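What follows is one structure encoded as structure tokens, with my remarks underneath.
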């Protein structure tokens, strides 16, 4: 069991790169698990938060740019995106500041939000500042939740924490792999 944790410790700098890449696309569960590892000195919490913050921020800046520059063309090419984008545009029109600060925490909206905000009248500097704050809150919240979970689990199950963490890692991999396979099957059908 300790082999997995020794491996992560040995190549920890790559784990932060993976965190950046993973959070560029998705990442709540991943960041929570990594926070749990940070609670047991397998990772550094500050670097984990920085990597997650950066990945999330960069993704949303990229999606904002794509929405601003190519929004209508992308929607014409991928019409299945339209309902999600229109929903996010509606939220943006109601209160863009609150929406920018909170969309990461609204299930099913995050994938379209930055793209839609880019299509709206929100200026790039305003989005960049609010997105920076929101990405930080998101990274601290999820890494912190994982860290607290790791502390609680360590107190409750004591010496079996590493076994539990490996079990959670395996479960995480199975869930991510299962989701990937289901999406692939749905596309093929």
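Please treat every number below as a calculation from the coordinates, not as lab data. What you are looking at is a predicted structure, and each value in this text was computed from that prediction instead of being measured. Neighbour counts run over all protein chains shown; Cβ positions are idealised from the backbone, glycine included.
Assorted remarks:
- For the options 122, 109, 174, a Gaussian network treatment of the chain with springs between C-alpha atoms closer than 10 Å singles out 174 as fluctuating the most.
- As a proxy for reagent exposure, ranking 42, 148 by other Cβ atoms within 10 Å from fewest up yields 148, 42.
- The mean sequence distance of close C-alpha pairs (under 8 Å, at least 6 residues apart), as a share of the length of the stretch 61-156, puts its relative contact order at 37 percent.
- Rounded to the nearest 10 degrees, the inclination of helix 28-39 to the longest alpha-carbon principal axis of the chain is 30 degrees.
- One Cα centroid belongs to the stretch 83-110, the other to the stretch 129-163; the line between them spans 25 Å.
- The C-alpha atoms of the chain define a longest principal axis, and helix 45-77 lies at about 30 degrees to it.
- Percent RCO, i.e. relative contact order, over the stretch 2-162, from Cα pairs under 8 Å lying at least 6 residues apart: 34
- Over the C-alpha atoms of the stretch 1-102, the Rg to Rh ratio, Rh being the Kirkwood estimate, stands at 1.12.
- Residue 173-residue 62 pseudo-label distance in nm [points 7 Å out on the Cα-to-Cβ vector]: 2.5
- Crossing angle, helix 110-119 versus the chain [Cα axis fit, 0-90 degrees, rounded to tens]: 30
- Overall form of the stretch 91-169 per C-alpha gyration tensor (a/c, 1.5; a/b vs b/c): prolate
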